[in-house]
Amino acid sequence: MKLTSKLTLAGIGAMLTAATVQAQSAKFGAVDVRKIYEEYYKTKIAQRNFDESVAAYRKDQQQRVADYNKLNEEFQKLREEANNPALTADKREQKTRQSQEKLAELRRSVEALKEFEQNGQQFLNDQRRRQNEAILKDILEVIRKKSAEGAYTLVFDKSGFGSVINMPATLYADDKLDLTDIVLKELNANAPANLPATSTPAAPLSTAPVAPAPGGSTRPLPPPPPTQ
């Protein structure tokens, strides 16, 4: 028992010594992802393009709201005239028919405005996502290239901004640190021989598709048109 303990302690000591030597030879680095993202020239171009898209969307939206308000005013006027006792019965009937037609037009205007705002929000979200994906791809490629050239072991984001823009905190890791094959070997040590021949799932298994969340709107919709 004493001999085993000595051997065990000796083994642990050797492991600790090896780990210490490896740690001393490791080279760590850090970058400020926030600064890189904000000062990268493509980020500034993308922001300008996005701002132009938002301005165009809001201009079109304001025009559509103005058209709706005009239709609503016309409908209200026709409805008042249809209820005016000073008019003849035929005239009131004519105004009632016209107000019903205007009400149908007003409802179509509301539906069109809702669809426009939903599509507009989706377009802007997609544009922003595509811009960020391209920018982050550029940044990560250069970070990993320079990390490999500088023989770094690990490179981290010191700003914490990477997590906000969906970038990993560990931006670079030397392949010698990769334990993937070792972990898989342990997990599959007792795997049965008759495994099903299926492809590896690209995402966590799920039992049902997840419905996408509805898009938001930059402004509240106008109130629905009144009923007759």
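The values are calculated or read from the model by the stated rules, or taken from the named source; none is laboratory data. Since the model is a prediction, treat every value here as computed from it, not as a measurement. Here Cβ is always computed from backbone atoms with ideal geometry, including for glycine, and neighbour counts include all displayed protein chains.
Out of all the residues in the range 195-216, is one or more within 30 Å of Lys70 (Cβ to Cβ), at pLDDT below 90 and surrounded by 12 or more Cβ atoms within 10 Å (Cβ to Cβ)? Reasoning before the result, please.
As a first pass, look at the range 195-216 and keep what is within 30 Å of Lys70 (Cβ to Cβ): 214-216.
If we keep only those that are at pLDDT below 90 as well, we get 214-216.
From what is left, the residues that are surrounded by 12 or more Cβ atoms within 10 Å (Cβ to Cβ) are 215.
Yes, because at least one residue in the range 195-216 is within 30 Å of Lys70 (Cβ to Cβ), at pLDDT below 90 and surrounded by 12 or more Cβ atoms within 10 Å (Cβ to Cβ).
Can you tell me which residues in the range 80-136 are closer than 26 Å to Ala56 by Cβ and either in contact with a strand residue (DSSP E or B) (Cβ under 9 Å, 6 or more places away or on another chain) or of a type in the set (Gly, Ala, Ser) (or both)?
Within the range 80-136, the first condition is being closer than 26 Å to Ala56 by Cβ, and the residues that meet it are 105-106, 108-136.
Across the range 80-136, the qualifying residues are Ser109, Ala112, Gly120, Ala134.
So how many residues does the range 28-40 have that are in a helix (DSSP H, G or I) and loosely packed, with under 12 Cβ neighbours inside 10 Å?
The initial filter retains those residues of the range 28-40 that are in a helix (DSSP H, G or I), namely 33-39.
Pick out the ones that are also loosely packed, with under 12 Cβ neighbours inside 10 Å and you get 39.
So the count comes out to 1.
Yes or no: the range 61-74 includes at least one residue that is more than 39 Å from the chain's Cα centre (by Cα) and surrounded by 12 or more Cβ atoms within 10 Å (Cβ to Cβ). For the range 61-74, residues more than 39 Å from the chain's Cα centre (by Cα) and surrounded by 12 or more Cβ atoms within 10 Å (Cβ to Cβ): present.
Specify which of the listed residues (Phe75, Phe50) is of a type in the set (A, V, I, L, M, F, W, C) and over 27 Å from Glu111 (Cβ atoms).
Working: Phe75 fails: over 27 Å from Glu111 (Cβ atoms).
After applying the criteria, what remains is Phe50.
Counting only residues that are surrounded by fewer than 17 Cβ atoms within 10 Å (Cβ to Cβ), of a type in the set (Val, Ile, Thr) and in contact with a Leu (Cβ under 9 Å, 6 or more places away or on another chain), the range 79-120 holds 1 of them.
With the requirement that a residue be of a type in the set (Val, Ile, Thr) and either in a helix (DSSP H, G or I) or closer than 26 Å to Phe50 by Cα (or both), what does the range 81-126 give you? Reasoning before the result, please.
Kept after step one, since they are of a type in the set (Val, Ile, Thr), are these residues of the range 81-126: 88, 96, 110.
Within the range 81-126, Thr96, Val110 meet the criteria.
Scanning the range 41-60 for residues that are within 30 Å of Tyr152 (Cβ to Cβ) and crowded, with 16+ Cβ neighbours inside 10 Å yields Thr43, Ala46.
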